[in-house]
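Asks: Supplied in structure tokens, the structure appears directly below.
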Amino acid sequence: MSPPGDPGDTVGSSAGLLPGDCCHPEVPGHTPKGGLPLGTRGRVTHSWRVAAAGTGSRLSHVPTGRAVPCHAMPFPGCHSLGAAPCRSPCPIPCRAGRSRIAPGARPDISAPRCQFYSRPRLTPGWPRPCPRTLVPCPPPRPSPRSPPQPLGPVSRRWHSGPATLARAVPFALPPPWVSRSPRCPRSRPAPPRPSRTRRSRHRRDRSGQSRCDSTRTDRHRQTPTDRHRQTDTGRHRHRRPRVTRMLSTSQPSPERVPSPEEQEWAGPEALCPGWLEDEAPDGEVPGDSGDPDGATHAYERLQSALRQEGLPPTLDCSAEPRTGFGPLDMTVCILGSPTPFLPILLEGGTRCPGAMVLCLSPAWASRVPSESSPGAWSLLLSRGVSFRAGGHSALETFVPPRRANYVTGTFAPGDPEGGWVGELARDLDCPTGGSVPLAHRLEDTLVTRWVLAARASLPVPPTLAFVLGARGDLPAEPVAPGVRLVRLQDLQAQQSLVQEEVGAFLGGTAMEPYGQVVVRPAGWRWRGTGTRSTHRKEEGAAVAQAVGARLQGLTEEDSVLLEAMVPTARLPVPPPRSPAPRLPMALRICTLVCRSWGDRPQLCQVACAVGRAESPVRHGAALPQGLDSSLQQWGVVAPSQRQALATRLREATEAAAAALLASEAELSPRQRGGGRACTDILGVDFLLASVDEALELVALAANGQRCLETCALAEAMGRGVGQPRGELPRLLAEALLHRAQRHLVEGKDILLIGAGGVSKSFVWEAARDYGLRIHLVESDPEHFAAGLVHTFLPYDSREHRRDEEHAERVLELLRSRGLRPHACLSYWDDCVVLAALVCQGLGLRGPAPAAVRVAKQKSRTHRHLQRCRRGRAAGAVPFPAVAKLEFGAGGVGVRLVEDAGQCHAHAARLWRDLRDDADHPGIGLGWGNAMLLMEYVPGTEHDVDLVVFEGRLLGAWVSDNGPTRVPAFLETAACLPSCLPADRQAQLVRAALQCCRACGLRDGVFNVELKLGPAGPRLLEINPRMGGFYLRDWIREVYGPDLLLAAVLVALGVPPVLPARPAPRTHLAGVMCLASEHGDSLAAGGGMRALRELHGRGLVRLNRLFEEPEGAGEYEEPLLSVACAGATLAEACERLLGLCQGLGIDSPRYPVEHFLSHFK
């Protein structure tokens, strides 16, 4: 901290100064000995050296640069660095030697002065030359960012005095008069550089009085989060020198050192350097007059952060406006401070160059009434910082303004940018990753603790909460294990009720394992204040008095919590390396979770903080460390135990996030801050406790931004020691980009060719969820989907050998209806060529008709890929061989033939039984019933589903198929993810991609069937559409992405955002049920009803291919697929086998155990 009006480069300390040294006020033209005129505005660099002085050592300062003004110091006996001691009169009364301010005396606050802070460090053998007596400091006035200190027993703060090596006395507060200056620092003349003047914020406190909140003047008013946001301010070419205060051990003080119970524990930052500290920039930050919204200040913080990451500075391209943005251009807008979201911006710029835009000022954006959602608003960006690959960023101007598809920002309570960020993000028509009301709710410990206990079934500290009034954000009769709520109407009349509740809580069974309790206020206004008092459980009267004192200032939005202080579990640890005693420590586990694909929570990162056990560990007080090393430090030696705890932590975190997100969904749009507002990134804090001699994760609270900052720091620290880049930026960027793309497809007109059967029912549900307007062209005028789409266009196109003619008729039909679709595609195998022709006629993106024809006709595929040739099949293909329909689908008509006689006999049966589409719909008979003979390839069968955009692979998923029932090759079982090694899966993916590219399939979602033998993969066939039956559902369940949405995005010309390194959430193993084998047992024994019930409860995955059995004998297809999930493939197979045995699916004729034995 520096005096108002100074450049901010001076730091003073009494450490190392001789008795009698004093300071003098600034006198224009005065030149101290060896210095420059004190009126000179300049910069000084400093160095220190250790010199012998008496019995100890002391620091001496050597100025090496220009001098700075020397002002009157709050403590006499100190002088400003860079100016030599002088004998000029000092405005503060002092005397030589160990001078002090007389009791009750105050300095002349009208005179210029320097203010300084220093953090105590234990430095053995370095006595302080000028020890001071402990002077108790009254609690500081509350800052506008935090609520006032309620009445009641509070801990005493001490801000100077001697200390022994046994305990360091915290020195974190300036003298009392520093925070009570009646003048705003902005009343002084601005420094010579007006563009970089010091910034202050005039706010109104809770009483409505205007207060000046300077970012440097009132450091003791700031929460740790506030100080962290000032870490990256300005430029850092010159750092303010840190001064270590010497602790005297040779001169005892007549006053005793306060005990831990009497003084408030300063937190782990007194033991190690915290990471939420001020760093002085090399200049001033923008002032209010020239930069009222702080845009220049935030821009400088961005440049400082980019320099620290070793990235190029932002390129100013604002002079040349950027144009050409359309409705399909994606824009993810980050409002407010760049610091917490910088890793996400950089990763998003790499994945989708130019899509991530940072808005640093409310003047850069505007709100206009929404065209699509009445009553909502659209956010238009006229200026912003966009990010691209390689960490490049550019300041750009958008003409016309750019429409945001997704908005998030710093909504945290008390954040400097929170006001205008919350106002811009209110009631938007696009998805919003939070809001001010949701941030307030998330920061309310009582609300989140009730949700975690009641809905997530997580253990929480035993809590007794007092609220005033109805508190509409809480249920009328809350029932949550470990949380009791007491509603008060009249504080004066219900004092006896408070005492009774406190006594019952302290004497209850929930408090038996604990010896201490904490009394503290809760609510978003109290975020980061650390206002609390600790008591022993036996002190019932003191606890009741503390609760009553807190209740005096209670408002309807706040609450008073009486909670047990849960200690960290104590485990046996190896003997220490030194005989020094070990201090009791506490472990806080910080987890960060995001809303991922399918609105499912996904754990992103875990960071731990260690501190003293006297007080809870706060965010930002200590540098984070990893979970595995923290558990090892705590005595969890076995790797299996640490892995089990990590798995349990993931489950608990995702369950907590799911409960919090579900409770948000029940709020009204006004309570959420908008109909599209929901929390996408949140943190949950845990404590590792011991319950009944077993380790248990106790949920403490949730927050919106503090865990993000902590985990981002842990990620950066790992890169500093050579660790590979973690998953945090990727997971968060993918989550935000995915939500933006979901909004991008809303309201788009999609022309769908072919409705398909029951197996395609998910299309209509997904179209409703994504907001798609489906225009369906279907041959069956009575199809059940006619009432589920926006426009139903009946047209008979079953004779697909005339698809060119059908395409012209469909185009005429669209023109007559005035339809202009944004995209055209087909999920039905028979209609893929027709869809490609219609796309070509409409000028829409899609695979070329010629490429689809090559892929659709199996003989042309293999001729094109030079595998085998039609016409010479019987003579060229060795037996045994596989005979199948040329345009077939679903495995119908496929048979193993041993010789030419069996081949001709099977062809005769096919041509007799399967002549056209009426004989067996949906298997490609509209293209004819020609037969193909292929070489029989031994090996395991696999499906590879690809997402390709402009020939570039965006996503690939490999699934395994069980052994087929020969001679018909009927599918029996499947599993996902594949149990193959990674290199063998890579072979399959590369072979599938090369086959698609060679056929000309460069845009779309494709399914490729291959066999993997000892010599590598061999192609079976290419399906130029999304994988059918269970594949879309399974991939969505295991990995998250939706193939249907990916196909729509590709058809719209937007490359879909998919996981760059997909990790399975679970393992699925499934078995196919046949009407001939299982129809009677499932229908008569109630098996189908049981499967539906289990599917509704999420215990099994049920996918129906037909409503009624289709085909019979050798032309039979599976009726349905039933699958079970597990943490491992073995667990999933074990569950599935038990289910099949219980429902009668497993039998000697249909050995499920044999089918599943292939998945190893």
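The values are calculated or read from the model by the stated rules, or taken from the named source; none is laboratory data. Not measured: the values here are computed from a predicted model. Neighbour counts run over all protein chains shown; Cβ positions are idealised from the backbone, glycine included. Side chains are part of the model used for accessible areas, which takes the heavy atoms of the whole protein and leaves out ligands, DNA and RNA. Shrake-Rupley method; radii C 1.70, N 1.55, O 1.52, S 1.80 Å.
Asks: Tell me whether region 828-850 contains one or more residues that are more than 16 Å from Leu1001 (Cβ to Cβ), crowded, with 21+ Cβ neighbours inside 10 Å and aliphatic (A, V, I, L, M).
Replies: yes
Asks: Considering only helices (runs of 4 or more DSSP H) fully contained in region 600-703, which possess at least 3 residues that are free of Cβ contacts under 8 Å to residues at least 60 places away in the same chain and touching a helix residue (DSSP H, G or I) at 6+ places or on another chain (Cβ under 7 Å)? Break it down stepwise before answering.
Replies: Working: elements: 627-633, 639-665, 669-672.
In region 600-703, the matching helices (runs of 4 or more DSSP H) lie at 627-633, 639-665.
Asks: Answer yes or no: is there a residue in region 558-565 that is surrounded by fewer than 22 Cβ atoms within 10 Å (Cβ to Cβ), more than 28 Å from Ser663 (Cα to Cα) and either modelled with pLDDT under 85 or aliphatic (A, V, I, L, M) (or both).
Replies: No, region 558-565 contains no residue that is surrounded by fewer than 22 Cβ atoms within 10 Å (Cβ to Cβ), more than 28 Å from Ser663 (Cα to Cα) and either modelled with pLDDT under 85 or aliphatic (A, V, I, L, M) (or both).
Asks: Within region 719-729, is there a residue that is part of a strand (DSSP E or B) and open to solvent by less than 20 Å² (accessible area, probe 1.4 Å)? If you could, list the steps in order and put the result at the bottom.
Replies: At the first step, the residues of region 719-729 found to be part of a strand (DSSP E or B) are none.
No, because not a single residue in region 719-729 is part of a strand (DSSP E or B) and open to solvent by less than 20 Å² (accessible area, probe 1.4 Å).
Asks: Let me ask something else about it. Could you tell me whether any residue of region 1052-1062 is surrounded by fewer than 23 Cβ atoms within 10 Å (Cβ to Cβ) and closer than 24 Å to Thr964 by Cα?
Replies: no
Asks: With respect to the numbered conditions (1) in contact with a helix residue (DSSP H, G or I) (Cβ under 7 Å, 6 or more places away or on another chain); (2) surrounded by 23 or more Cβ atoms within 10 Å (Cβ to Cβ); (3) not small (Gly, Ala, Ser), which one is the sole condition not fulfilled by Pro963?
Replies: That leaves (2) as the condition not met.
Asks: Kindly indicate whether Glu765 is at pLDDT below 95, open to solvent by 20 Å² or more (accessible area, probe 1.4 Å) and in a helix (DSSP H, G or I). Walk me through how you get there before you give the answer.
Replies: Numbers: at pLDDT below 95: yes; open to solvent by 20 Å² or more (accessible area, probe 1.4 Å): yes; in a helix (DSSP H, G or I): yes.
In short, yes.
Asks: Against the definition (touching a residue at least 40 places away in the same chain (Cβ under 8 Å) and on the phi > 0 side of the Ramachandran plot), how does Gly1013 come out, yes or no?
Replies: So Gly1013 does not fit the description; no.
Asks: I'd like to check which strands (runs of 3 or more DSSP E) are fully inside region 1052-1160 and have at least 1 residues that are aliphatic (A, V, I, L, M) and without any contact (Cβ under 8 Å) to a residue 60 or more places away in the chain. Step through it out loud before you land on a result.
Replies: Details: elements: 1067-1073, 1101-1104, 1120-1126.
In region 1052-1160, the matching strands (runs of 3 or more DSSP E) lie at 1101-1104, 1120-1126.
Asks: Taking the condition of being open to solvent by less than 70 Å² (accessible area, probe 1.4 Å) and either closer than 30 Å to Leu953 by Cα or not polar (S, T, N, Q) (or both), how many residues in region 1063-1095 meet it? Quick ask: steps written out before the conclusion?
Replies: Within region 1063-1095, the first condition is being open to solvent by less than 70 Å² (accessible area, probe 1.4 Å), and the residues that meet it are 1063-1064, 1066-1075, 1077-1079, 1081-1082, 1085-1088, 1090-1091, 1094.
Among the residues that remain, those that are also either closer than 30 Å to Leu953 by Cα or not polar (S, T, N, Q) (or both) are: 1063-1064, 1066-1075, 1077-1079, 1082, 1085-1088, 1090-1091, 1094.
Residues in region 1063-1095 being open to solvent by less than 70 Å² (accessible area, probe 1.4 Å) and either closer than 30 Å to Leu953 by Cα or not polar (S, T, N, Q) (or both): 23 in total.
Asks: Name the single residue that is most open to solvent (accessible area, probe 1.4 Å) among those in region 667-700 being acidic (Asp, Glu) and more than 20 Å from Asp444 (Cβ to Cβ). Can you show your working first?
Replies: The first filter runs over region 667-700 and keeps only residues acidic (Asp, Glu), leaving 680, 685, 692-693, 696.
This time we only want the ones that are more than 20 Å from Asp444 (Cβ to Cβ), so: 692-693, 696.
Values: Asp692: 144, Glu693: 182, Glu696: 55 Å².
If we take residues in region 667-700 being acidic (Asp, Glu) and more than 20 Å from Asp444 (Cβ to Cβ), then Glu693 is most open to solvent (accessible area, probe 1.4 Å).
Asks: A follow-up question, please. Taking interchain pairs and intrachain pairs at least six residues apart, which have beta carbon atoms under 6 angstrom, with the first residue in region 452-478 and open to solvent by 10 Å² or more (accessible area, probe 1.4 Å) and the second of a type in the set (Lys, Arg)?
Replies: Once the first residue is open to solvent by 10 Å² or more (accessible area, probe 1.4 Å) and sits in region 452-478, its partners that are of a type in the set (Lys, Arg) give Val460/Arg449.
Asks: Looking at region 453-482, which of its residues are among the hydrophobic types (A, V, I, L, M, F, W, C) and over 25 Å from Arg550 (Cα atoms)?
Replies: Taking region 453-482 first, the residues among the hydrophobic types (A, V, I, L, M, F, W, C) are 453-454, 456, 458, 460, 464-468, 470, 474, 476, 479-480.
The answer is Ala454, Ala456, Leu458.
Asks: Check Thr534, Thr568 and return the single one that is surrounded by fewer than 23 Cβ atoms within 10 Å (Cβ to Cβ), among the hydroxyl-bearing types (Ser, Thr, Tyr) and in a strand (DSSP E or B). First the steps, then the outcome.
Replies: Working: Thr568 fails: in a strand (DSSP E or B).
Being surrounded by fewer than 23 Cβ atoms within 10 Å (Cβ to Cβ), among the hydroxyl-bearing types (Ser, Thr, Tyr) and in a strand (DSSP E or B) holds for just one of Thr534, Thr568, which is Thr534.
Asks: Would you confirm whether any residue within region 453-463 is under 30 Å from Ala564 (Cα atoms) and either assigned to a helix (DSSP H, G or I) or modelled with pLDDT under 90 (or both)? Steps first, answer last, please.
Replies: Here is the first cut: in region 453-463, the ones under 30 Å from Ala564 (Cα atoms) are 453-463.
Subset that is either assigned to a helix (DSSP H, G or I) or modelled with pLDDT under 90 (or both): 453-454.
Looking through region 453-463, at least one residue is under 30 Å from Ala564 (Cα atoms) and either assigned to a helix (DSSP H, G or I) or modelled with pLDDT under 90 (or both).
Asks: Looking at (1) open to solvent by 20 Å² or more (accessible area, probe 1.4 Å); (2) within 33 Å of the chain's Cα centre (by Cα); (3) at negative phi, can you tell me which one Asp780 breaks?
Replies: (2)
Each row is one residue, and each column tells you yes or no for (1) within 26 Å of Leu592 (Cβ to Cβ); (2) within 26 Å of the chain's Cα centre (by Cα).
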{"residue": "Phe325", "(1), (2)": "no, no"}
{"residue": "Ile344", "(1), (2)": "yes, yes"}
{"residue": "Arg351", "(1), (2)": "yes, yes"}
{"residue": "Val368", "(1), (2)": "no, no"}
{"residue": "Glu371", "(1), (2)": "no, no"}
{"residue": "Ser378", "(1), (2)": "no, yes"}
{"residue": "Gly384", "(1), (2)": "yes, yes"}
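Asks: So which of Leu988, Leu1043, Leu1001 ends up being open to solvent by less than 30 Å² (accessible area, probe 1.4 Å), under 30 Å from the mean Cα position of the chain (by Cα) and closer than 30 Å to Ser761 by Cα? Walk me through how you get there before you give the answer.
Replies: Working: Leu988 fails: under 30 Å from the mean Cα position of the chain (by Cα); Leu1001 fails: under 30 Å from the mean Cα position of the chain (by Cα).
Among Leu988, Leu1043, Leu1001, only Leu1043 is open to solvent by less than 30 Å² (accessible area, probe 1.4 Å), under 30 Å from the mean Cα position of the chain (by Cα) and closer than 30 Å to Ser761 by Cα.
Asks: While we're on this one: Out of all the residues in region 305-331, which are in a helix (DSSP H, G or I) and open to solvent by 70 Å² or more (accessible area, probe 1.4 Å)?
Replies: Taking region 305-331 first, the residues in a helix (DSSP H, G or I) are 305-308.
Arg307, Gln308 - these are the residues of region 305-331 that are in a helix (DSSP H, G or I) and open to solvent by 70 Å² or more (accessible area, probe 1.4 Å).
Asks: Now, a different point. If a residue must be open to solvent by 10 Å² or more (accessible area, probe 1.4 Å) and either within 21 Å of the chain's Cα centre (by Cα) or without any contact (Cβ under 8 Å) to a residue 40 or more places away in the chain (or both), how many such residues does region 353-362 contain?
Replies: The first filter runs over region 353-362 and keeps only residues open to solvent by 10 Å² or more (accessible area, probe 1.4 Å), leaving 353, 362.
From what's left, either within 21 Å of the chain's Cα centre (by Cα) or without any contact (Cβ under 8 Å) to a residue 40 or more places away in the chain (or both): 353.
Residues flagged as open to solvent by 10 Å² or more (accessible area, probe 1.4 Å) and either within 21 Å of the chain's Cα centre (by Cα) or without any contact (Cβ under 8 Å) to a residue 40 or more places away in the chain (or both) within region 353-362 amount to 1.
Asks: Enumerate the strands (runs of 3 or more DSSP E) found wholly within region 895-965, keeping only those where 3 or more residues are under 27 Å from Lys760 (Cβ atoms) and of a type in the set (A, V, I, L, M).
Replies: Values: elements: 895-897, 931-935, 940-949, 952-961.
So the answer is 940-949, 952-961.
Asks: Still on this model: Give the number of residues within region 363-392 that are surrounded by fewer than 19 Cβ atoms within 10 Å (Cβ to Cβ) and under 25 Å from Gly419 (Cβ atoms). Walk me through it before giving the result.
Replies: Residues of region 363-392 that are surrounded by fewer than 19 Cβ atoms within 10 Å (Cβ to Cβ), as a first pass: 363, 366-375, 378, 380, 382, 388-392.
Remaining after also requiring under 25 Å from Gly419 (Cβ atoms): 363, 366-370, 373, 375, 378, 380, 382.
The qualifying residues number 11.
Asks: Going residue by residue through region 814-824, is there one that turns out to be of a type in the set (A, V, I, L, M, F, W, C), open to solvent by less than 10 Å² (accessible area, probe 1.4 Å) and either in a strand (DSSP E or B) or closer than 28 Å to Asp1042 by Cα (or both)? Write out each step before concluding.
Replies: Filtering region 814-824 down to residues of a type in the set (A, V, I, L, M, F, W, C) leaves 814, 819, 823-824.
Those left that are additionally open to solvent by less than 10 Å² (accessible area, probe 1.4 Å): 814, 823-824.
Filter again for either in a strand (DSSP E or B) or closer than 28 Å to Asp1042 by Cα (or both), leaving 823-824.
The answer is yes, given that some residue of region 814-824 is of a type in the set (A, V, I, L, M, F, W, C), open to solvent by less than 10 Å² (accessible area, probe 1.4 Å) and either in a strand (DSSP E or B) or closer than 28 Å to Asp1042 by Cα (or both).
Asks: Please work out which residue is nearest to Phe686 (Cα to Cα), limiting yourself to region 647-666 and to residues that are out of contact with any strand residue (DSSP E or B) (no Cβ under 7 Å at 6 or more places or on another chain) and surrounded by 15 or more Cβ atoms within 10 Å (Cβ to Cβ). Show your work before the answer.
Replies: The initial filter retains those residues of region 647-666 that are out of contact with any strand residue (DSSP E or B) (no Cβ under 7 Å at 6 or more places or on another chain), namely 647, 651, 655, 659, 662-666.
Of the ones still in play, those that are also surrounded by 15 or more Cβ atoms within 10 Å (Cβ to Cβ) are 655, 659, 663-664.
Details: Ala655: 13, Ala659: 16, Ser663: 20, Glu664: 21 Å.
Of everything passing the filter in region 647-666, Ala655 is nearest to Phe686 (Cα to Cα).
Asks: May I ask you to list the residues in region 488-520 that are modelled with pLDDT under 90 and in contact with a Phe, Trp or Tyr (Cβ under 9 Å, 6 or more places away or on another chain)?
Replies: Leu488
Asks: Given Gly939, Gly1013, which one is open to solvent by 30 Å² or more (accessible area, probe 1.4 Å), out of contact with any His (no Cβ under 7 Å at 6 or more places or on another chain) and not basic (Lys, Arg)? Full working, then the answer.
Replies: Working: Gly1013 fails: open to solvent by 30 Å² or more (accessible area, probe 1.4 Å).
None of the other options fit; the residue is Gly939.
Asks: Run Gln857 past the list (1) over 23 Å from Phe1029 (Cβ atoms); (2) at pLDDT 85 or above and report the number of the one that doesn't hold.
Replies: Result: Gln857 passes all but (1).
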